[in-house]
């Protein structure tokens, strides 16, 4: 398969962090590829390295060694400014916590990454993205005036508004009840399908993982199953 068809290419990735008792090996030689448009569920026990892997892919944590290519670009040697540009251009992120700015409206929260990318129509695109998650009537509400499910829908709208090639989602329903979480995940998968976005989803829910086309199992800092694109 041509390299251009891969959004994620990871080879022999390691992550070691210092600790009082000595260095801790979090990722231990991870190999993984994800092709454009693929949905991959990432599962494994707590502490296995799932979130650390996503943080490295997002350029929010620096690998200790190995290669990480996002949309064909090697990111391990990029400086912070270049990594920030990469995130604005290629990567959307949704965390368990909503990470909305409490003093800004839903519309302003979604417009931020668009404005940082220099979009002259940031507000219009932000409004369209909020309407796509059913929040057209909440544009001027502050996060504190929204329910948890609505806040996570704002976070989804913010992640998808710049049309990223890659969406990284880390337990996006972890702070929501089952019914609300189901609505949010239906929206996430619908938006992913509509935009053709490549998805890496960390989840403890086997049913959610099974909605993805492939499941990668992480154990003890290594990929135990499903590492390579078929």
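Since every read-out is calculated from the coordinates, none of them should be taken as a lab result. Remember, predicted model here, so these are calculated numbers, not experimental data. Glycine gets a Cβ as well: all are built from the backbone with ideal geometry, and neighbour counts include every protein chain shown.
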Gyration tensor verdict on the stretch 140-188 (Cα atoms; rounded if a/c is under 1.5, prolate if a/b is larger than b/c, oblate otherwise): oblate
Connecting every pair of Cα atoms under 10 Å apart in the chain and solving the GNM, the largest mean-square fluctuation among 24, 154, 68 falls on 24
What value in Å³ per residue do you get for the convex hull of the alpha-carbon atoms in the stretch 97-230? 125 Å³
As a test of the formula, what do you get for the chain when each DSSP H run with n ≥ 4 contributes -39,500 (n - 2.57) and the sum is divided by the residue count, at 222 nm and rounded to the nearest 500 deg cm²/dmol? -10000 deg cm²/dmol
Rounded tilt (10° steps) of 80-90 against the dominant C-alpha axis of the chain: 60 degrees
Using alpha carbons only, how many degrees (0 to 90, rounded to 10) separate the axis of helix 148-160 from the longest principal axis of the chain? 70 degrees
Quick one: length gained pulling residue 145 to residue 215 fully straight, 0.36 nm per residue minus the C-alpha distance? 21.6 nm
Cα centroid of the stretch 119-143 to Cα centroid of the stretch 166-213, whole Å: 21 Å
Restricting to the stretch 122-230, what percent of DSSP beta bridges are antiparallel, rounded to 5? 40 percent
Using packing as a proxy for protection, rank 85-92, 49-56 so that the peptide with the highest average count of other Cβ atoms within 10 Å comes first. 49-56, 85-92
Stokes-Einstein D (µm²/s) once Rh is taken as the Kirkwood radius of the stretch 45-108 over alpha-carbon pairs, at 20 °C in 1.002 mPa s: 159 µm²/s
